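Trainee: Please find one structure pasted underneath; my questions will follow.
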Amino acid sequence: MRGILIKRYGGPEVLEYGELPDPTPGSGEVQIRVRVAGVNFTDVYQRTGVYPGTLPFSPGVEGVGTVEKLGPGVTSVKVGDRVGWVLLKGGYAELAVVPADRLVPVPASIDDRTAGAILLQGMTAHFLLRDCYRVTKGEWILVHAAAGGVGLLMTQIAHRIGARIIGTTSTEEKAALAREAGADEIVLYTKEDFQQATRRITGGAGVGVVYDSVGKTTFDKSLDSLRARGYMVLFGASSGPVPPLDPQVLNRKGSLYLTRPTLGNYISTREELLLRARELFDWVSKGELEVRAEHDYPLANAAQAHADLEERKTTGKLLIAISESGA
């Protein structure tokens, strides 16, 4: 099969495209013909070693495809089923092996590209708003990178809940997308201090929660944007990791809460995995959640996808098209 292999940590150039051995499913596993792979900052963190692992490895933690072979003991799926998965490496390849109990069935109403664009980022938005901190109707929240893949989904879901949303973006074009998704106020952080703007918008009170996927460059001012007993939800580090923090800072700034969640802990059971996926697919099927996936790359151009993502050249979801889809 053709695929991507990473032999050393580094920039996009370490994504090597070439011939790889076909993976064979073991007990309880399934071989998938990959149709679409999602591109995520998790892939970048693994490529650079921010999330260290074992080298070499095939990247890509999210994919959609068709079941080709069943390993011993698999009865929950059959050959030909359309399925998706998240948080398992190997998506940047024509074939992947995935444990059967981590597969999500993809309904006929959802095409491969949409499924590939919604699973990881959609479930991330779902758990952040529903479980990590439960957003309520009428409260002010701050969403950084509101025109990004997760940001646009979070903004739509928070708008459905009835929250009042402040979104940060870098350009007017991205601001328009965030407004369309339901943001009540937009702060162009390239032109205005988002912390001062947040205090102004909320009448000095601050927001109940900040959702920060940016990290190093926004963290301190994000803390200063919170009301007393507010929640700082740090779920990414696109600008770099946050330096060590003295917990006493949280006390001085108003008895704040700080969490660094990851999706894996919120889909640790099959029941939770399927619940989140089903609700997302249901919203999309009913037209209640729009999925933006405007950037497709051939598998051989995975390095360019990483470069574009890191340089903030895109909005919405980036996808790698691996094989022709029948959906």
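Trainee: Evaluate the following for THR269: is it at pLDDT 95 or above and either open to solvent by less than 10 Å² (accessible area, probe 1.4 Å) or of a type in the set (A, V, I, L, M) (or both)?
Mentor: no
Trainee: Could you figure out which of (1) farther than 23 Å from ASP131 by Cα; (2) in contact (Cβ under 8 Å) with a residue 12 or more places away in the chain; (3) among the small types (Gly, Ala, Ser) isn't true of GLY230?
Mentor: GLY230 satisfies every listed condition except (1).
Trainee: Moving on to the next point. Restricting attention to region 175-222, which residues are crowded, with 23+ Cβ neighbours inside 10 Å, β-branched (Val, Ile, Thr) and under 20 Å from the mean Cα position of the chain (by Cα)?
Mentor: VAL209, VAL210, THR218
Trainee: I want to confirm something. Restricting to region 36-91 and keeping residues that are of a type in the set (Asp, Glu) and in a strand (DSSP E or B), which single residue is least open to solvent (accessible area, probe 1.4 Å)?
Mentor: GLU62
Trainee: Before we move on, is THR124 at pLDDT 95 or above and buried (at least 18 other Cβ atoms within 10 Å of the Cβ)?
Mentor: yes
Trainee: Name the residues in region 223-240 that are open to solvent by 20 Å² or more (accessible area, probe 1.4 Å) and more than 23 Å from the chain's Cα centre (by Cα), would you?
Mentor: If the condition is that a residue be open to solvent by 20 Å² or more (accessible area, probe 1.4 Å) and more than 23 Å from the chain's Cα centre (by Cα), then ASP224, ARG227, ALA228, ARG229 are the ones that fit.
Trainee: Sort through PRO12, PRO25 and tell me the only one that's in contact with a helix residue (DSSP H, G or I) (Cβ under 6 Å, 6 or more places away or on another chain) and open to solvent by less than 60 Å² (accessible area, probe 1.4 Å).
Mentor: PRO12
Trainee: On to the next question. Only residues that are open to solvent by less than 70 Å² (accessible area, probe 1.4 Å) and either over 23 Å from LEU103 (Cβ atoms) or assigned to a strand (DSSP E or B) (or both): list them for region 303-319, please.
Mentor: Answer for region 303-319, where residues must be open to solvent by less than 70 Å² (accessible area, probe 1.4 Å) and either over 23 Å from LEU103 (Cβ atoms) or assigned to a strand (DSSP E or B) (or both): ALA303, ALA305, HIS306, ALA307, ASP308, LEU309, GLU310, THR314, THR315, GLY316, LEU318, LEU319.
Trainee: Let me ask another. Do the conditions hold for GLU288, that is, is it open to solvent by 70 Å² or more (accessible area, probe 1.4 Å), of a type in the set (D, E, K, R) and in contact with a Lys or Arg (Cβ under 8 Å, 6 or more places away or on another chain)?
Mentor: It is true that GLU288 is open to solvent by 70 Å² or more (accessible area, probe 1.4 Å), of a type in the set (D, E, K, R) and in contact with a Lys or Arg (Cβ under 8 Å, 6 or more places away or on another chain).
Trainee: Separate question: Does ASP131 fit the bill of being in contact (Cβ under 8 Å) with a residue 24 or more places away in the chain, within 30 Å of LEU55 (Cβ to Cβ) and of a type in the set (D, E, K, R)?
Mentor: Criteria not met by ASP131.
Trainee: Mind listing just one residue for me: the one in region 143-165 that is more than 17 Å from TYR231 (Cβ to Cβ) and more than 13 Å from the chain's Cα centre (by Cα) and, of those, least open to solvent (accessible area, probe 1.4 Å)?
Mentor: THR155
Trainee: Just give me the residues in region 177-219 being free of Cβ contacts under 8 Å to residues at least 60 places away in the same chain, of a type in the set (A, V, I, L, M, F, W, C) and in contact with a His (Cβ under 9 Å, 6 or more places away or on another chain), in sequence order.
Mentor: ALA183, PHE194
Trainee: May I pose another question? Would you please list the contacts, defined by Cβ atoms under 7 Å and residues six or more apart or on different chains, that run from a residue in region 1-15 that is farther than 15 Å from GLY90 by Cβ and in contact (Cβ under 8 Å) with a residue 24 or more places away in the chain to a residue that is open to solvent by less than 30 Å² (accessible area, probe 1.4 Å) and assigned to a strand (DSSP E or B)?
Mentor: VAL14/ILE6
Trainee: Quick one: which of THR169, THR136 is under 25 Å from ARG200 (Cβ atoms), open to solvent by less than 20 Å² (accessible area, probe 1.4 Å), polar (S, T, N, Q) and out of contact with any Cys (no Cβ under 6 Å at 6 or more places or on another chain)?
Mentor: Exactly one of THR169, THR136 is under 25 Å from ARG200 (Cβ atoms), open to solvent by less than 20 Å² (accessible area, probe 1.4 Å), polar (S, T, N, Q) and out of contact with any Cys (no Cβ under 6 Å at 6 or more places or on another chain), namely THR169.
Trainee: Another question about this same structure. I'd like to check something: does region 246-256 contain any residue that is touching a Phe, Trp or Tyr at 6+ places or on another chain (Cβ under 7 Å) and surrounded by 16 or more Cβ atoms within 10 Å (Cβ to Cβ)?
Mentor: No, region 246-256 contains no residue that is touching a Phe, Trp or Tyr at 6+ places or on another chain (Cβ under 7 Å) and surrounded by 16 or more Cβ atoms within 10 Å (Cβ to Cβ).
Trainee: Another question about this same structure. Considering only region 106-116, I want to know if a residue exists there that is within 19 Å of ILE157 (Cβ to Cβ), open to solvent by less than 10 Å² (accessible area, probe 1.4 Å) and assigned to a loop (DSSP other than H, G, I, E, B).
Mentor: Checked region 106-116: at least one residue is within 19 Å of ILE157 (Cβ to Cβ), open to solvent by less than 10 Å² (accessible area, probe 1.4 Å) and assigned to a loop (DSSP other than H, G, I, E, B).
Trainee: If the requirement is being out of contact with any Asp or Glu (no Cβ under 8 Å at 6 or more places or on another chain), of a type in the set (D, E, K, R), modelled with pLDDT of 95 or more and farther than 30 Å from ARG82 by Cβ, which of these qualifies: ARG200, ARG164, ARG130?
Mentor: ARG200
The values are calculated or read from the model by the stated rules, or taken from the named source; none is laboratory data. These figures come from a predicted structure and were not determined experimentally. Cβ atoms come from the backbone with ideal geometry, glycine included; neighbour counts cover every protein chain shown. These area figures cover heavy atoms from the full protein model, side chains too; ligands, DNA and RNA do not enter into them. Shrake-Rupley method; radii C 1.70, N 1.55, O 1.52, S 1.80 Å.
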